[in-house]
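Visitor: What follows is a single structure, and I will ask about it in a moment.
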Amino acid sequence: MKALPAALSGDGVFRCLVGGVVKKIYDWFCKAEVAVCGVGFILLVVLVFASAILRFLRISMSWNIDLAMLMLAWTSFLGADIAWRSGQLIGIDIVTRYFPKKIQEAVLITVYAIILCVTVVICIYGARLVWVERLRTYQSIPVPYSLVSLSLVVATFSMSISTVGKIRDCIRHFARKEA
């Protein structure tokens, strides 16, 4: 499917909702998400690099790998959400580019609706998984496994919000083109 214009990349998710308060909260959340993802990625690289050097020196730090896996989960899921919101994910329009514009628009909104359903389902079942894994901890560090599952819940919740905004922006964009 063809990528939407920059105006529809998801940045306008809350443009018209409840004035500027919700938009400010959403913008703050997006900035915090980018910051957490960036810090997590840097920490992940440092942990893996330090682990490699320490293993070369025959020093074992098992907690290093567990913490690196925790950072990997958070950075990958938050990074996927950031890419989705900013329209940086790959889109394949090999088949749909030959369809008439009306069908292309319908397919795009249908795909977004499917993505919304999937992210909501993942968010719901992920929240259940967080609850189930709240007592289970890593072997080497006293951190619950639910922190890993929580990364999925946070990312899919944010993706759901971004997808609702994309659907709304698509409908507005297509309505303006017809008017």
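The values are calculated or read from the model by the stated rules, or taken from the named source; none is laboratory data. None of the values given here were measured: they were computed from a predicted structure. Every residue, glycine among them, receives a Cβ derived from its backbone with ideal geometry; neighbour counts consider all protein chains shown. What goes into the accessible areas is simple: the full protein's heavy atoms, side chains included, and nothing from ligands, DNA or RNA. Shrake-Rupley method; radii C 1.70, N 1.55, O 1.52, S 1.80 Å.
Visitor: Which of the numbered conditions does G20 fail, given that it passes all the others? Conditions: (1) modelled with pLDDT of 90 or more; (2) over 20 Å from S149 (Cα atoms); (3) open to solvent by less than 50 Å² (accessible area, probe 1.4 Å).
Guide: (1)
Visitor: Sticking with this structure for a sec: In the stretch 44-83, how many residues are open to solvent by 70 Å² or more (accessible area, probe 1.4 Å), in a helix (DSSP H, G or I), more than 17 Å from V153 (Cα to Cα) and free of Cβ contacts under 8 Å to residues at least 40 places away in the same chain?
Guide: So the answer is 7.
Visitor: Being modelled with pLDDT under 95 and in a helix (DSSP H, G or I) is the requirement here; does S162 meet it? Break it down into steps so the answer makes sense when it comes.
Guide: Working: modelled with pLDDT under 95: yes; in a helix (DSSP H, G or I): yes.
It is true that S162 is modelled with pLDDT under 95 and in a helix (DSSP H, G or I).
Visitor: While we're on this one: I'm trying to understand the selection: among the residues of the stretch 133-147, which are β-branched (V, I, T) and without any contact (Cβ under 8 Å) to a residue 12 or more places away in the chain?
Guide: Matches in the stretch 133-147: T137 only.
Visitor: Please work out if A175 is closer than 16 Å to L108 by Cα and either in contact with a Gly (Cβ under 6 Å, 6 or more places away or on another chain) or open to solvent by less than 60 Å² (accessible area, probe 1.4 Å) (or both). Don't jump to the end; show me each part of the working.
Guide: Details: closer than 16 Å to L108 by Cα: yes; either in contact with a Gly (Cβ under 6 Å, 6 or more places away or on another chain) or open to solvent by less than 60 Å² (accessible area, probe 1.4 Å) (or both): yes.
The answer is yes for A175.
Visitor: Can you list residue pairs whose Cβ atoms sit under 7 Å apart, with the first residue in the stretch 19-34 being in contact (Cβ under 8 Å) with a residue 40 or more places away in the chain and the second being outside any helix (DSSP H, G or I)? Count only pairs 6 or more apart in sequence or on different chains.
Guide: These pairs meet every condition: Y26/V13; Y26/F14.
Visitor: Output the number of the condition that L116 fails; it satisfies all remaining conditions of (1) touching a Ser or Thr at 6+ places or on another chain (Cβ under 8 Å); (2) more than 30 Å from T96 (Cα to Cα).
Guide: For L116, the exception is condition (2).
Visitor: Collect the residues in the stretch 135-168 that are open to solvent by less than 40 Å² (accessible area, probe 1.4 Å), out of contact with any Ser or Thr (no Cβ under 7 Å at 6 or more places or on another chain) and either of a type in the set (S, T, Y) or at positive phi (or both), keeping them in residue-number order.
Guide: Y138, S146, S149, S151, S158, S162
Visitor: Regarding V107, is this residue aliphatic (A, V, I, L, M), closer than 30 Å to R176 by Cβ and open to solvent by less than 70 Å² (accessible area, probe 1.4 Å)?
Guide: yes
Visitor: Please work out if A155 is part of a helix (DSSP H, G or I), within 16 Å of V36 (Cβ to Cβ) and out of contact with any helix residue (DSSP H, G or I) (no Cβ under 8 Å at 6 or more places or on another chain).
Guide: Against the criterion (part of a helix (DSSP H, G or I), within 16 Å of V36 (Cβ to Cβ) and out of contact with any helix residue (DSSP H, G or I) (no Cβ under 8 Å at 6 or more places or on another chain)), A155 does not qualify.
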